[in-house]
Amino acid sequence: MPDAGKSPVYSASEIGAVVLEFLTFLTTLHRDSAGLEMPPPGGWPSYTPENCAGFKSELVIEVLRNLPYLRSFDSHEDSLGQIHYKSCLLDYTTFDSEILTESEYLWEYVSDGGDESVPDHVFIFSEGRESGGRTLFLDVLHGKVIEVEIRGGNEPIIQDIKEYFEELKRKYRNLEIIPIPHMDMVELEAVGMRPGEPDEEVSKEEIMMQSDPDWESDLDIQYTQQLYRAFGWPDNFRRVEAFSELRELIEARYAASE
């Protein structure tokens, strides 16, 4: 094999530090900091040699054993429990080979439909669902993230792990990815909108005048961005207040349409 004997680009501790920084960043935005969990000394205890025998490379096991985790208190269909569009962390805190490999069939997007199996130095970090959902594979040998979009028609993104998560953080900061409570995230690119702050503000009256109760119009998205920025996004975001006010408005328009 061409990778035999190759030294990893990043150590397990370096990969863990990158992941911890990203997960901590999310807790300043839409995720609850109470869900941030660190492995105990020695790592998540179920990653024993007996349990992990024949699973994947030693480096993958070392990374998983010591990887920080961000537990969700919301459903997988709620963007407040996601880390990317329709994408939730696998629960890797307890070793379960079936759970950790269940969605490896999505590797066919990377292997261009071939029969190539997932390499031993690659594991699923976050699992996408439904069309457009993002599954994130971590390649611990080459230090890369492979982002696969389910049935989206786009080529996989393969990027250095540090660069990938920095780019994802940038999109969050710019509200190019927008979490909305009890709904899927909104991606500006997917809905044909450009990032940046508009010249004119959207009023609540304009929002309530729309006849469609679904929260998905350009005005709805623009108002959500406007509201979040008013509540301190991204540096001092008052999450509970912002989400409460947004939900009240969403529910009020839905009630008015009945």
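Rule-based calculations on the coordinates, nothing more; no lab input. Quick caveat, the model's predicted, so the values are computed rather than measured. A quick note on method: Cβ atoms are made from the backbone with ideal geometry, for glycine too, and the neighbour counts reach across all protein chains shown.
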Relative contact order of the chain: what whole-number percent is it, with Cα pairs under 8 angstrom and at least 6 residues apart? 17 percent
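Could the peptides 43-49, 26-32 be put in order, highest first, of the mean number of other beta-carbon atoms found within 10 Å of their residues?
Values: 43-49: 15.0, 26-32: 19.6.
Put in order of decreasing packing, that is 26-32, 43-49.
If packing is taken as the mean number of other Cβ atoms within 10 Å per residue, what is the order of 208-217, 123-132, highest first?
123-132, 208-217
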Please say if segment 197-257 is rounded, prolate or oblate, where rounded means a/c under 1.5 for a ≥ b ≥ c the square roots of the C-alpha gyration tensor eigenvalues, and otherwise the choice is prolate for a/b larger than b/c and oblate otherwise? oblate
Need the list of aspartates and glutamates near LYS171 for cross-linking: C-alpha distance under 13 angstrom, and skip anything on the same chain fewer than eight residues off. GLU163, GLU187, GLU189
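Looking at segment 178-258, which trypsin sites (Lys or Arg not before Pro) are DSSP coil and have at most 14 other C-beta atoms within 10 Å of their C-beta? Before the final figure, lay out the partial values.
Values: sites: LYS204, ARG229, ARG238, ARG239, ARG247, ARG253; in loops: ARG238.
The qualifying sites are ARG238.
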Report, in whole Å, the centroid distance computed from the Cα atoms of segment 56-70 and segment 186-245. 38 Å
Over 19 Å between alpha carbons, listed pairs LYS56/LYS162; LYS86/LYS169; LYS56/LYS144; LYS169/LYS204; LYS144/LYS169; LYS6/LYS56: LYS56/LYS162; LYS169/LYS204
Could you work out how much longer the chain between ASN51 and ILE157 gets when fully extended? Use 0.36 nm per residue separation minus the Cα distance between them, nm to one decimal. 35.0 nm
With a 10 Å radius around each residue's Cβ, average the other Cβ atoms per peptide and rank 170-179, 153-162, 73-82, highest first. 170-179, 73-82, 153-162
